[in-house]
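A short worksheet on the structure shown next.
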Amino acid sequence: MIIDSTNYKIGNQAMANVLLLYYHLLDEGGITNDQTIYLDPEEFNGFDFLDFEVNNSGVNHGIDETLVKQGAIIYLLCDLNDMIAEYDQDYGLQPITKKICSALKTHESIPIPEVKPLLNTVLVPESEFNCSAYNEILQNIYRKYVHDYFSKKL
């Protein structure tokens, strides 16, 4: 999705949704369960904003492209975490899990390089899933991209 002067309101709304998601993540102290329920999927979902790009063409609309891209990935990681928690040993068989992992795989090094090792822990037979390693990577992503985002603003 390319944002320019004709549709910059979509970019502003995307930023607002990411910040709302981050607020709830901060409030709960990490990526837990059901955190994307606070967002209207018609306005923002991780799949639609993975390829988010801002074309300012000389006009700065104040849209943080990196924040939205990272927020899209965090959104998908929240949903992935929900699937793992809800389906336990069968998470890998769920169509939405496959869709999330496929989308994240195409963006595994940009803009959150920690996605690659996280996927390496998830894309294994369920009997080999290392929950401790997964949670450690997920918590590191939360600290670096959500918590530190606000810390740097202070």
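Here, each number is a calculation from the coordinates, and none is a lab measurement. Here the structure is a predicted model, which is why all the values come from computation and not from measurement. Glycine gets a Cβ as well: all are built from the backbone with ideal geometry, and neighbour counts include every protein chain shown.
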### Task
Per residue, how big is the convex hull around the C-alpha atoms of the stretch 1-87? Give it to me in cubic angstrom, could you?
81
### Message
Cut-off is 10 Å between beta-carbons; in what order do 106, 66, 32 appear when sorted fewest neighbours first?
### Response
106, 66, 32
### Message
Please report, ordered by residue number, every helix of the chain (full DSSP H runs) that is 20 Å or longer along its axis going by C-alpha atoms and whose mean Kyte-Doolittle hydropathy reaches -0.5.
### Response
8-28, 65-87
### Query
What is the order of 154, 21, fewest Cβ neighbours within 10 Å to most?
154, 21
### Query
So what's the back-of-envelope 222 nm ellipticity for the chain, counting only DSSP H runs of four-plus at -39500 (n - 2.57) apiece and dividing by all residues, rounded to 500?
-17000 deg cm²/dmol
### Query
With labels modelled as points extended 7 Å from the Cα through the Cβ direction, what inter-label distance (nm, one decimal) is found for residue 61 paired with residue 4?
1.1
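Over 21 Å between C-alpha atoms is what I'm after, so list which of 69/105; 69/153; 69/99; 98/144; 116/153 land there.
Long pairs (Cα-Cα over 21 Å): 98/144; 116/153.
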#### Entry: Cut-off 14 Å between beta-carbons: net charge of the residues surrounding residue 125, Lys and Arg +1, Asp and Glu -1
-4
### Message
Amide H of residue 3 versus every other amide H placed in the peptide plane: which residues, excluding those fewer than 5 positions away on the same chain, fall under 5 Å?
### Response
53, 54, 55
### Message
Test of understanding: ordering 131, 101, 78 by Cβ neighbours within 10 Å, fewest first, what list do you get?
### Response
131, 101, 78
### Message
Largest first and in whole Å, what are the equivalent-ellipsoid semi-axes of the stretch 2-153 based on the Cα gyration tensor, each being the root of 5 times an eigenvalue?
### Response
28, 16, 14
